[in-house]
Each structure stands twice: as C-alpha cells, then as structure tokens.
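First comes the structure, then the notes that go with it.
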Amino acid sequence: MGEATPSAAATTTTPPQQPPQITTPTKHAKKLTLIPLIFLIYFEVAGGPYGEEPAVQAAGPLLALLGFLIFPFIWSIPEALITAELTTVYPGNGGFVIWAEKAFGPFAGCLMGTWKFLSGVINIAAYPILCIDYMEKLFPVFGSGWPRNIAILLSTLTLSFVNYTGLTIVGYVAVGLGVVSLAPFILMSLIAIPQIRPHRWISLGQKGVKKDWNLFFNTLFWNLNFWDNVSTLAGEVEEPKKTFPLALLISVVFTCVSYLIPLFAVTGAVIVDQSQWENGFHAQAAEIIAGKWLKIWVEIGAVLSAIGLFEAQLSSSAYQVSGMAEIGILPKFCGVRSKWFNTPWLGILVSTLITIAVSYMNFIDIVSSANFLYSLGMILEFGAFLWLRWKKPLIERPYKVPMNMPMLVVMCLVPSGFLVFIMAIATKIVFLVSGLMTVGGIVFFLFVRFCKRKNWVKFESKKDDDEDKYDAVANL
C-alpha cells in the first residue's frame, strides 16, 4: 500500500486527489452568501447573550468571564475547525452524516443521523415556548390553558412557514434579527462604561457561595455548542469551499465577543446578589443601567433571538433529512423539494410535527437526553475526522486544519473528555430515554435496509466518485 506502482490501467485513471462532488437539486435556487451564512451560524450556536446569566449564578462573575473566555478554545474552536475542513471536503447537505458514512459506513451514518436529528428537533421545541413566555409578560392570557397552547401551535406553524419560503430568505431574516437583537446589548454596554468598577468582577459572590459546577458547565456547553449544525446546509452555499471557513472564523469571534462584552459590562456595573443571575437577568440589568425602555428592548430582542434560533436550527434539521436521502441512507422521497421555493418541505414537515409534539410535554429529561445523544454524535464526529485524515490523506482539502496527526488527536481528545463528563453526570432516566431513542434509530435503519432490498421504495443509487477511485488505488 503506497509503495506499489499502479498498473497501466490504473495510471490512465484521473488522479484520486479530488473529493466527491455531492450535489443537491438546487436548480434556479439562489445560494447563501457569506453574510447570511455568518448569521445563520451565529443563530445555530448563540443568538445573543441570552442564556449566559446562569454561569454567574453558578460560579460568580470571575469564573463566568473566564469560562466564556477559555471554553471556546477547548470546545468551540476545535468543533469549528473540524466543521470547516470536512465541509469543504464533502460540501453536501448531509453534513456530519456524510462524514460518518464516509469514515465508517452506512450504519455509522444512520447512528449519526439519529443522534443529531433527534437532539436538533427537540432543541427547536424550546424556542416557541420561550417566545410565548416573553409575550406572557405583556399579555398574561398566554400564561396557561388553551390560549397558551394555541399560541405555541400558531407560533410554531408560522415560523415553520417562514422556513418553507426558502433558505435565502431565512438567511437575510437572520441578519435582520441578529442586528436588532444585539443592538440593545451594545447600547447597554456603552452606557454602563462609566459605572463599571473592575473589582466587582472578582468580589461579587466569590465568598460563602457554593459553586454549582453542573449548572456552570452545562451553561457554557449550551451557549457555545452546535457549530457543526450548519454543515447540513453546505449544498446550499455559494462556493462552500471558500465561504465556509471564513464564515466559521468570523462567527466564532463574533459569538465570543457578543457573550463577553455584555458580561463584562453588567457584572462590572450592577451590584446585586449572585442568586438573582437567572435566565432573563440581562433585561433587569438593562433597566438598572439605562431605564425601563432598554429593558423592553432587551425583552423584544429575546423574542427575536428565539425566532432566529428556531429558523436556523429548523433549516439544519430539514436539510439533514434531504441530505440523508441524497446519499441513499433514507428513501429518495425524503429529499423531495417544493416546486415554488426549492426547500425540502418533507424534512420541514417532519421536523415541525416532532417539535409540536415535544412542545406540549414536560421535556426537561427529554432535552437532557437530546444533549446526551448530541454528545454521542460529537464523539463519533471526532472519530470520523481523525479516521478520514489518517486513512485518506491525499484527498483534496480546500481548507485543512494546520496540525499534524498527534496534535489533532490532542485537539479532539480534550473536548471528547468534556463530553464524557457531561454524559457521566446524566440521570438514569436520561440514560434510559437516550438508549430507547438509539435503539429506535437502529430499528428504523434495519427497516429501511429491508425496504431497499425488497425494492419497496426508491433510493438514490451510489455513484462512483473520485474518492472511490482513490480507495481503489490505495488498496492495490
């Protein structure tokens, strides 16, 4: 292997350094450009400083600031680097499913698809509820009963329809939502500058308060996660091999700054008991710093942020279904697209129905199970990345993480250790629900394979590509 000289027949074959060209049926469809892609990535991960407050409640301002400063180097940057490399090698809508399938075969692709899809759609269900929770403050009728249930249903259906109108529209909606939802934090941080006292970053809550490490690390994980979700949109991006690495780089910096600046400003300017740093405290801080008008703006921004998060993550889930059909893991009809908007309407419909079902459940344990499944998927993703780099070093990589193999192993082992820690502290019910979901995915995979053997439904046939030629020559 590697030393043998290829035969004459082999030498006439196109050199096997090119990646497979995985395409999607995007005829007459506009492609995502850099700016909308940056904001879609931003809403896949963060959506603003909303939700960072419990880190202060759990461990105090100093550790919260250090956490949001250091954790991106442990988790966000490695995940973004892997996403940038593998998305440029395999620019198809299957994203991480393609990576697992190329590394370890269809069964691994099915497991990845199950873990990431379920974690994604369950996560989506939280955002319409968050919108209604904020609306409840202005309209108490949405607090409980049928008005609340109808409001959750209508908001979910309305946001899903926006997603149906096209990814380009969703991308520019994300730009607008990002600007409006971040503006009050920029303004609050500027107004707070004269009130900041640096000693408060150290003194508040550091004495006599028990640290809640579970809450602290889960808050960091929740707010700096899901960088790879955007990989399922790779087939819809204009020049993905150039656009994706740049968009991910800008998004990582953008996201970290959007967390740190308001956190520095509020912890340095506002004196309150550490226990008050619950979700939504930034709105109270805005009132203390500037007045009620800014508090209302922050609350409106929270609703807009939730809408952006919903749209970005629903897009990823829907295009994941379409991408799995394009590589033959799901039946061909799962990739069907709208004639008007060229969107994967079946993927949107299935994701929306699951989201609606979960919205009416007390799903704290289910959401924890979704995080558990996502952690399993990430460990598989790290493994696929290392395997592909080791076994297929000659494949063209338009963007390549600038590290040798030992350093890549270290880069992947550190966040993998954190994932193992997150899973180890899970409750028994989380283990049970996650196990049942995984078994369900395996059973579904076996059923799909059975249908394929019986020719009951049509599948996309696997076509030979340059990577297959690479494998053929490498095995001589």
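The values are calculated or read from the model by the stated rules, or taken from the named source; none is laboratory data. Everything numeric in this text was worked out from a predicted model, so none of it was measured. Cβ: placed from backbone, ideal geometry, glycine included. Neighbour counts: every protein chain shown. Areas reflect the complete protein model, heavy atoms only, side chains present, ligands, DNA and RNA absent. Shrake-Rupley method; radii C 1.70, N 1.55, O 1.52, S 1.80 Å.
Determine which member of the set GLY377, GLY383 is in a helix (DSSP H, G or I) and under 30 Å from ILE152 (Cα atoms). Full working, then the answer.
Numbers: GLY383 fails: under 30 Å from ILE152 (Cα atoms).
Only one candidate qualifies: GLY377.
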Scanning segment 176-202 residue by residue, the ones that are open to solvent by 30 Å² or more (accessible area, probe 1.4 Å) and under 22 Å from the mean Cα position of the chain (by Cα) total 3
Breaking point among (1) over 20 Å from the mean Cα position of the chain (by Cα); (2) hydrophobic (A, V, I, L, M, F, W, C); (3) open to solvent by 60 Å² or more (accessible area, probe 1.4 Å), for VAL414: (1)
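Table: residues versus (1) in contact with a Leu (Cβ under 7 Å, 6 or more places away or on another chain); (2) among the charged types (D, E, K, R).
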{"position": "LEU215", "(1), (2)": "no, no"}
{"position": "TRP222", "(1), (2)": "no, no"}
{"position": "ASN229", "(1), (2)": "no, no"}
{"position": "GLU236", "(1), (2)": "yes, yes"}
{"position": "LYS241", "(1), (2)": "no, yes"}
{"position": "PHE244", "(1), (2)": "no, no"}
{"position": "GLY268", "(1), (2)": "no, no"}
{"position": "ILE288", "(1), (2)": "no, no"}
Can you report the number of residues in segment 30-47 which are among the aromatic types (Phe, Trp, Tyr) and either surrounded by fewer than 24 Cβ atoms within 10 Å (Cβ to Cβ) or under 12 Å from GLU236 (Cα atoms) (or both)? 0
Pull up segment 217-247, narrow it to residues that are aliphatic (A, V, I, L, M) and more than 12 Å from the chain's Cα centre (by Cα), then point me to the one that is most open to solvent (accessible area, probe 1.4 Å). LEU246
Yes or no: segment 54-73 includes at least one residue that is in a helix (DSSP H, G or I), closer than 26 Å to ILE327 by Cα, among the small types (Gly, Ala, Ser) and open to solvent by less than 10 Å² (accessible area, probe 1.4 Å). no
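Yes/no per residue for (1) modelled with pLDDT under 90; (2) among the basic types (Lys, Arg); (3) surrounded by fewer than 19 Cβ atoms within 10 Å (Cβ to Cβ):
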position: VAL257; (1), (2), (3): no, no, yes
position: ILE261; (1), (2), (3): no, no, yes
position: ALA265; (1), (2), (3): no, no, no
position: ILE271; (1), (2), (3): yes, no, yes
position: SER275; (1), (2), (3): yes, no, yes
position: GLU278; (1), (2), (3): yes, no, yes
position: HIS282; (1), (2), (3): no, no, no
position: ALA286; (1), (2), (3): no, no, no
Members of segment 79-127 that are small (Gly, Ala, Ser), more than 16 Å from the chain's Cα centre (by Cα) and assigned to a helix (DSSP H, G or I): ALA100, ALA103, ALA108, GLY109
Return the pair list, or none, for Cβ contacts closer than 6 Å from residues in segment 332-347 that are touching a residue at least 12 places away in the same chain (Cβ under 8 Å) and closer than 16 Å to SER317 by Cβ to residues that are among the polar types (S, T, N, Q) and crowded, with 18+ Cβ neighbours inside 10 Å, at least 6 apart or on different chains. GLY335/SER322; PRO344/SER322; GLY347/SER322
Among LEU138, LEU159, LEU154, the single one that is at pLDDT 80 or above, of a type in the set (A, V, I, L, M) and either more than 22 Å from SER351 (Cβ to Cβ) or surrounded by 15 or more Cβ atoms within 10 Å (Cβ to Cβ) (or both) is LEU159
Could you go through segment 316-339 and let me know if any residue there is at pLDDT below 95 and out of contact with any helix residue (DSSP H, G or I) (no Cβ under 9 Å at 6 or more places or on another chain). yes
Tell me whether segment 77-99 contains one or more residues that are open to solvent by 10 Å² or more (accessible area, probe 1.4 Å), over 28 Å from ILE327 (Cα atoms) and in contact with a Phe, Trp or Tyr (Cβ under 8 Å, 6 or more places away or on another chain). no
Consider only pairs whose beta carbons are under 6 Å apart and that are at least six residues apart or on different chains; among these, list those whose first residue lies in segment 152-178 and is more than 17 Å from ILE124 (Cα to Cα) and whose second residue is surrounded by fewer than 20 Cβ atoms within 10 Å (Cβ to Cβ) and among the charged types (D, E, K, R). THR168/LYS30
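LEU62 - would you say it is touching a residue at least 24 places away in the same chain (Cβ under 8 Å) and over 23 Å from MET403 (Cα atoms)?
On the way: touching a residue at least 24 places away in the same chain (Cβ under 8 Å): yes; over 23 Å from MET403 (Cα atoms): yes.
Yes; evaluated as a whole, the condition is true for this residue.
Within segment 421-435, restricting attention to residues that are open to solvent by 60 Å² or more (accessible area, probe 1.4 Å) and free of Cβ contacts under 8 Å to residues at least 60 places away in the same chain, which residue is farthest from ASN214 (Cα to Cα)?
Once the filter is applied, the top-ranked residue is LEU432.
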Which count do you get for residues in segment 378-425 that are modelled with pLDDT under 95 and of a type in the set (Gly, Ala, Ser)? 3
Residues to consider are ILE348, ILE307; find the one that is of a type outside the set (Asp, Glu) and open to solvent by 20 Å² or more (accessible area, probe 1.4 Å). ILE307
